[in-house]
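The values are calculated or read from the model by the stated rules, or taken from the named source; none is laboratory data. Please read these numbers as outputs of a predicted model, since none were measured by experiment. All Cβ positions, glycine included, derive from the backbone under ideal geometry; neighbour counts span all protein chains shown. Heads up: the accessible areas ignore ligands, DNA and RNA and are worked out on the full protein's heavy atoms, side chains in. Shrake-Rupley method; radii C 1.70, N 1.55, O 1.52, S 1.80 Å.
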Amino acid sequence: MNQIVNITIDGIECMAQKGQYIVDAAKDNGIYIPTLCNYPGVKPRGSCRICTVKVNGRLMTACTTPVSENMEIINEDPELADLRKAIIELFFIEGNHFCPACEKSGNCELQALAYRYKIMVPRFPYAFPQRELDASNPKLVKDQNRCILCKRCIRGIHDEKGRTIFAYRRRGTHVEIGVDPKIGKDLSDDLAQKSMDICPVGALLVREKGFDVPIGERKYDKQSIGSDIEEKR
Amino acid sequence: MKKYTQKVLDKYHHDKTRLMDILIEIQSEYGYISSEVITIIAQDLNMSEVDVEQTISFYHFFSMKPTGKFSIYLNNSAVANMMGRNEVAAAFEKETGIKFGETTPDGLIGLYETSCIGMNDQEPAAIINNRIFTKLTAFRVKEIIRDIKEGKEIEKMFSASFGDGANRNALVKSVVSNNIRKIGPILDPDYKVGEAIKKIIKMTPEEVIAEVKHSNIRGRGGAGFPTGLKWEFCRNAEGEKKYIFCNADEGEPGTFKDRVILTELPRLLFEGMVVAGYAVGASEGILYLRYEYKYLENYLEDILKAAREKNYLGKNIMGKNGFNFDIRIQFGAGAYVCGEESALIESAEGKRGEPRDRPPFPVEKGYLEMPTVVNNVETLCSVVKVILNGGDWYRSFGTADSTGTKLLSISGDCRNPGVYEVAWGFSVNDILEMVGKSGNVQAVQVGGPSGSLIGPDEFNRTLGYEDLATGGSLIIFGEHRDLLEDVVLNFMEFFIEESCGSCSTCRILPTVLKQKLEKILNARGIAQDIADIENWGKFLKASRCGLGQTAANPLLTSIKNFRHLYEEKLQTAKEYDTGFDLSAAVKDACEVTHRIPNI
Ligand SMILES: Cc1cc2nc3c(=O)[nH]c(=O)nc-3n(C[C@H](O)[C@H](O)[C@H](O)COP(=O)(O)O)c2cc1C
Ligand code: SF4
Ligand code: SF4
Ligand code: FES
């Protein structure tokens, strides 16, 4: 039984299904809340913080917070806009993102968000970390320079026994993604492609394949991220 | 190694949620967890190897490389530094011939740094093979290293006398001192075990909760959530099984009062867990104990055993039909963030100690998805006294909003560091008088690094939820201390070290902010840098848990209360400075090419 609850987003009255996450409810109502670590069909894990909204005045992540009756949500105000911009900038300074040389350029959600938020140059100084490129897997290349540690690969990719193929390693500023040396070796083509698709950036790439679609003709080259949702309003 | 690993896996019934215990046993046995062992564990528990590794690599006291037959973990908290840690650290390096982070070539000794180990009242302190060594000096370090090299057993390496009270117990035998300086109703040694249990079994669980609510007691772990309400939520939540967790992770630098309770009044604590279990309808209690307090393990287990024999724990407790409750100890493995209640639960389930997204809250969906209460050590002890003497009695202490008494952990520049039990409503000035200040006090850090650094013009403020809320840590800094260098910088390093790394904000920003501070300390700062810290620090509020949300507090509260210290260091003539040091950057290249930089 689907129960309907009434909520407002930026003062707009919306209807949503009880228990639905705020991002999904907003989407159904033609309102785009930016996301990065969220992925359809995968259990949410509020780690990128980009979907932060104000719920009854408190900062909450829209991808993990279920709607409830009479919830008042603010998705757009100067403070949130600045916060989201800052978060995108933080990702750019944390890693090494050389977009023009990246296979994911144009399909990358981070790059697309940077365009949407009109980021020219980050306010924070670049960290220029030493990061590794791991090409030991026969199917995939993992480039830690581009990883934003969203955990989509960890949460979304499992082998037939339900084991994770990707995992975090260490903690804090030292966190990186590990690819399982054993079960990762027998990755099927299908799962390798799935891994690449689930990665919002160019950190996981299928080997020996690339630039099938020329840069300039890719998803976000043509259309701003989120505009498909907003068109439905 | 294979056989032993298999034995450990059997012991924990090949249960993936007991991975922490499995790893702890292997780490203690071999001093590290080898890739061979990881393969066995992964296969046995139907996990991938990277999955096992992601738990291992999260915790400070797990290692995938040998850590030395004697692994020495020297505390690096601000107070340890104030008490002469640098000299001690240098002595360790000199005597062993290795640097921190290394092991000796023969594999005998490993030297490591570690965050606050809960001994701020007796620094510098270190942990060596799960034993605590306090008040270290360069001389003592020489003795210790000599003893190790001579092959002495760790138990025989202590100097003549043990600490006070139960630290002398045959199962503890530790040089740690309790330093109890002021006793109130909670620390009162005149306590008879079991009286509260006898009382509650004649009450309904609802009546117990009502009494706790009436006392108005709020959580003592820092967040201050009303305890009775928490219990009621959990009691009313649906679940086949319910759990009581006692949070004994005590990781906030400067806090050590839970250590003292665990040493002197463990029976009181366990009774509090039983009371909570009865009220909530839980059948299992878990004491999540920080690994740093491993030296108390045998002692605590022995007390639990005695409690079972007396039927304070077990089936049909004290003759009450159907009232079953038992307690087990779950150790952490070195991660401050595991003190956050949902991270603590994750850790107890054998995973990385990453806080969960809330809602759902632990009272709805906690340990193994079941309704769970997490309470601080002191909260659970206080509740026993509430039951024994009534909510009205409890309310006669403290203020209207902050009822009862609070245990304070006081350290730093004062004559009598230690634990003080005072009624809420005490002012900072009262406290300074109580502890015997030595010289002029420049600042007090209230509530640990996540709290605030205040100066003399705020010493008339009072402790309590309505003014200065605190988990109980107060660190006093005399006028000779360099607050920015010795305190703020150290605290920022602590947060950077202890972030779980899952939120973008908390993983990245504190480092950016610390670099700003360093730029100012290096005399390269400009006015804009202070403004940047203030503006950027706000973004941390969007982090998932309290660690990230408060990680800029050392900077923000010190800028607010000690702005002059920052301003003194700024370059006044400059409006722009990247902080980039060109001559330093080209130094190596110049040396190689024998050129002199023309800048
Ligand atoms: C980073 C972090 C560390 C914490 N560490 C502790 C701790 O060591 N002990 C504790 O009791 N509470 C700690 N807390 C608070 C717990 O999340 C929780 O609020 C508390 O255990 C609840 O018990 P109480 O209601 O009895 O205070 C911590 C919170 C955060 C965010
Ligand atoms: S590899 Fe890609 S999907 Fe995985 S955490 Fe990094 S950015 Fe996310
Ligand atoms: S705020 Fe920091 S410690 Fe807390 S969940 Fe986020 S990254 Fe982890
Ligand atoms: S999309 Fe919600 S936190 Fe990342």
Output the helices (runs of 4 or more DSSP H) that fall wholly within region B:338-452 and possess 3 or more residues being modelled with pLDDT of 95 or more and on the phi > 0 side of the Ramachandran plot, or say none. none
Taking A:TYR115 as meeting all but one of (1) in contact with a Ser or Thr (Cβ under 8 Å, 6 or more places away or on another chain); (2) surrounded by 20 or more Cβ atoms within 10 Å (Cβ to Cβ), write down the number of the exception. (2)
Under 7 Å between Cβ atoms, at least 6 apart or on separate chains: pull out the pairs that start in region B:238-252 with a residue that is more than 10 Å from B:GLY285 (Cβ to Cβ) and away from chain A (no Cβ under 14 Å) and end on any residue that is part of a loop (DSSP other than H, G, I, E, B) and within 16 Å of ligand 2 (Cβ to nearest atom). none
Restricting to region A:204-233, name every residue that is out of contact with any Asp or Glu (no Cβ under 8 Å at 6 or more places or on another chain), within 16 Å of ligand 4 (Cβ to nearest atom) and of a type in the set (A, V, I, L, M, F, W, C). A:ILE229
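B:ASN120 - would you say it is polar (S, T, N, Q), open to solvent by 20 Å² or more (accessible area, probe 1.4 Å) and away from chain A (no Cβ under 14 Å)? Walk me through it before giving the result.
Values: polar (S, T, N, Q): yes; open to solvent by 20 Å² or more (accessible area, probe 1.4 Å): no; away from chain A (no Cβ under 14 Å): yes.
So B:ASN120 fails the test.
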Would you pick out the residues in region A:48-61 that are more than 9 Å from chain B (Cβ to nearest Cβ) and either basic (Lys, Arg) or in contact with a Phe, Trp or Tyr (Cβ under 7 Å, 6 or more places away or on another chain) (or both)? A:LYS54, A:ARG58
Residues that are within 16 Å of ligand 3 (Cβ to nearest atom) and hydrophobic (A, V, I, L, M, F, W, C), at least 3 per element: which strands (runs of 3 or more DSSP E) completely within region A:18-104 meet that? none
If B:ILE329 satisfies every condition in (1) closer than 27 Å to B:LEU547 by Cα; (2) within 13 Å of ligand 1 (Cβ to nearest atom) but one, which is the exception? (2)
Quick one: what pairs do we get from region B:495-509, first residue under 15 Å from A:THR52 (Cβ atoms), second within 12 Å of ligand 4 (Cβ to nearest atom) and assigned to a helix (DSSP H, G or I), C-beta under 6 Å, 6+ apart or different chains? B:SER504/A:ILE87; B:THR505/B:ALA542
Report, by residue number, each residue of region A:140-170 that is charged (D, E, K, R), farther than 29 Å from B:ASP532 by Cα and within 14 Å of ligand 2 (Cβ to nearest atom). A:LYS142, A:ASP143, A:LYS151, A:ARG152, A:ARG155, A:ARG169, A:ARG170
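Checking the conditions here, which among B:ALA531, B:ALA527 is away from ligand 3 (no atom under 16 Å from the Cβ), surrounded by fewer than 20 Cβ atoms within 10 Å (Cβ to Cβ), over 18 Å from B:VAL488 (Cα atoms) and not polar (S, T, N, Q)? Give the steps one after another, and end with the answer.
Details: B:ALA531 fails: over 18 Å from B:VAL488 (Cα atoms).
Selected residue: B:ALA527, the only one of B:ALA531, B:ALA527 that is away from ligand 3 (no atom under 16 Å from the Cβ), surrounded by fewer than 20 Cβ atoms within 10 Å (Cβ to Cβ), over 18 Å from B:VAL488 (Cα atoms) and not polar (S, T, N, Q).
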Name the residues in region B:244-294 that are among the hydroxyl-bearing types (Ser, Thr, Tyr) and open to solvent by less than 10 Å² (accessible area, probe 1.4 Å), would you? B:THR263, B:TYR288, B:TYR293
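Residues are listed down the side, and each one gets a yes or a no for (1) modelled with pLDDT of 95 or more; (2) under 30 Å from B:ILE410 (Cβ atoms); (3) among the hydroxyl-bearing types (Ser, Thr, Tyr):
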site: B:GLU25; (1), (2), (3): yes, no, no
site: B:SER34; (1), (2), (3): yes, no, yes
site: B:THR55; (1), (2), (3): yes, no, yes
site: B:PHE61; (1), (2), (3): yes, yes, no
site: B:ARG85; (1), (2), (3): yes, yes, no
site: B:ALA90; (1), (2), (3): yes, yes, no
Test B:SER438 against the criterion of being within 16 Å of ligand 3 (Cβ to nearest atom), polar (S, T, N, Q) and open to solvent by 10 Å² or more (accessible area, probe 1.4 Å), and give yes or no. no
Report, by residue number, each residue of region A:32-58 that is more than 19 Å from A:GLN111 (Cβ to Cβ) and open to solvent by 20 Å² or more (accessible area, probe 1.4 Å). A:PRO40, A:GLY41, A:VAL42, A:LYS43, A:PRO44, A:ARG45, A:LYS54, A:ASN56, A:GLY57, A:ARG58
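Output yes when any residue across region B:354-364 is within 14 Å of chain A (Cβ to nearest Cβ) and open to solvent by less than 10 Å² (accessible area, probe 1.4 Å), and no when none is.
Within region B:354-364, one or more residues are within 14 Å of chain A (Cβ to nearest Cβ) and open to solvent by less than 10 Å² (accessible area, probe 1.4 Å).
In this structure, is A:ASP82 surrounded by fewer than 20 Cβ atoms within 10 Å (Cβ to Cβ), closer than 28 Å to A:ARG218 by Cα and at the interface with another protein chain (Cβ under 9 Å from one of its Cβ atoms)? Break it down stepwise before answering.
On the way: surrounded by fewer than 20 Cβ atoms within 10 Å (Cβ to Cβ): yes; closer than 28 Å to A:ARG218 by Cα: yes; at the interface with another protein chain (Cβ under 9 Å from one of its Cβ atoms): yes.
Yes; evaluated as a whole, the condition is true for this residue.
Does any residue of region A:108-124 turn out to be among the β-branched types (Val, Ile, Thr) and within 14 Å of chain B (Cβ to nearest Cβ)? Even if it seems obvious, please write down each step before you answer.
As a first pass, look at region A:108-124 and keep what is among the β-branched types (Val, Ile, Thr): A:119, A:121.
In the following step, the residues that additionally are within 14 Å of chain B (Cβ to nearest Cβ) were identified as A:121.
Yes, that holds for at least one residue.
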Of all residues in region B:500-511, which are open to solvent by less than 10 Å² (accessible area, probe 1.4 Å), under 15 Å from A:GLU89 (Cβ atoms) and either more than 7 Å from chain A (Cβ to nearest Cβ) or away from ligand 2 (no atom under 16 Å from the Cβ) (or both)? B:THR505, B:LEU509
Which of the residues that make up region B:539-550 are free of Cβ contacts under 8 Å to residues at least 60 places away in the same chain and crowded, with 19+ Cβ neighbours inside 10 Å? B:PHE539, B:LEU540, B:ALA542, B:SER543, B:GLY548
For the subset of region B:513-524 comprising residues that are part of a helix (DSSP H, G or I) and open to solvent by 10 Å² or more (accessible area, probe 1.4 Å), which member is farthest from the other protein chains (Cβ to nearest Cβ)? B:LEU521
Those residues of region A:178-203 which are more than 16 Å from ligand 4 (Cβ to nearest atom), aliphatic (A, V, I, L, M) and under 17 Å from the mean Cα position of the chain (by Cα), in sequence order: A:MET196
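Just one of B:ILE327, B:ILE261 is under 23 Å from B:ALA237 (Cα atoms) and either modelled with pLDDT of 95 or more or not in a helix (DSSP H, G or I) (or both); which is it? If you could, list the steps in order and put the result at the bottom.
Working: B:ILE261 fails: under 23 Å from B:ALA237 (Cα atoms).
After applying the criteria, what remains is B:ILE327.
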Residue that is nearest to A:ASP143 (Cα to Cα), among those in region A:185-233 that are touching a Gly at 6+ places or on another chain (Cβ under 7 Å) and of a type in the set (Val, Ile, Thr): A:ILE198
